[in-house]
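The structure under discussion appears below in the form of structure tokens.
Laboratory data are not the source of any read-out in this text; all were calculated from the coordinates shown. Being a predicted model, the structure only gives us computed values, none of them experimental. Cβ placement follows ideal geometry from the backbone for every residue including glycine, while neighbour counts extend to all protein chains displayed.
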Amino acid sequence: MNEKLKDIISILKGDLIRNVNLINFIEDNEILETHIVGNAIMVKGISDRTWIYFSCREETELNKLIVLLKPEDANFAILEDWMIPILKGKLELNVELTTIKYILRPDVVIPGNKIQVEELFPDDATFIYMNYDYREFTNISYIKERIIKGISAGIRIHDKLAGWAITHDDGAIGMLHVLPEFRRQGLAKEITINMIEKLRALGKLPFAQIEEKNFKSIRLVENLGFVKDRRVSWASKIF
């Protein structure tokens, strides 16, 4: 990582909860461009797509970053609610997904695992994809890459993968899923606890991004001590 990216991460850590997604994205993906305008930052990098991230607090700052966009810049990650109408005033934009960001503060104590949880293997990617409820937002290559590069957890019962989770390209705990025949046994909780422990061991802030209608996942993370931070969205430019 070059010195400019290190300096940007240092700035972003001044508001860790707001910027944790972008910090993790910079640390874990190829970064193509960065721009700093006053207190505002824009980053372009590649994971499953080429993504644009903004870190700013007000409309004036965001407008200064928007003018730096190139015609081909089409995908925007972790947009806060106030950013979307401003962007839509400049671009034709389709909001693809909106979630609530939940974070787990360092002082929250969690229980240990009661059953064995193991890391996933790249060969698990196809099975995970075929059993994932949000296939329209991902692909097998992305899942395989996240298993290799990120943090993962899975539970196998009689040699069958019964439940799993991975970290996304921004470090969020995601893709948490338990097969229907293995539900109501506490597996999702055990997997989430394991993910939290691994993230904390690396000095990372555990967080998850959950759709508002996903009440079971919200109840799970809230029972473990996660607190609601803000709504964030992913959007793409309409050509």
Need the failing condition index for residue 188 against (1) hydrophobic (A, V, I, L, M, F, W, C); (2) assigned to a helix (DSSP H, G or I); (3) over 16 Å from residue 111 (Cβ atoms), just the number. (3)
Taking residue 197 as the residue in question, decide whether it is farther than 15 Å from residue 128 by Cα and in contact with a Ser or Thr (Cβ under 7 Å, 6 or more places away or on another chain). no
If I filter region 149-193 down to residues being β-branched (Val, Ile, Thr) and touching a strand residue (DSSP E or B) at 6+ places or on another chain (Cβ under 8 Å), which single residue comes out as nearest to residue 44 (Cα to Cα)? 167
Selection within region 33-49 - over 15 Å from the mean Cα position of the chain (by Cα) and either under 19 Å from residue 145 (Cα atoms) or crowded, with 18+ Cβ neighbours inside 10 Å (or both): 40, 41, 42, 43, 44
Considering every residue within region 206-213, establish whether at least one is without any contact (Cβ under 8 Å) to a residue 12 or more places away in the chain and under 30 Å from residue 15 (Cα atoms). yes
Filter region 191-211 down to the residues that are part of a helix (DSSP H, G or I) and either at positive phi or of a type in the set (S, T, N, Q) (or both) and list them by number. 192, 194
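Grab the helices (runs of 4 or more DSSP H) fully contained in region 52-167, keeping just those with 2 or more residues being of a type outside the set (D, E, K, R) and under 30 Å from residue 181 (Cα atoms). Can you show your working first?
On the way: elements: 59-66, 83-88, 125-130, 140-149.
Because the criterion is at least 2 residues that are of a type outside the set (D, E, K, R) and under 30 Å from residue 181 (Cα atoms), the helices (runs of 4 or more DSSP H) in region 52-167 that meet it are 125-130, 140-149.
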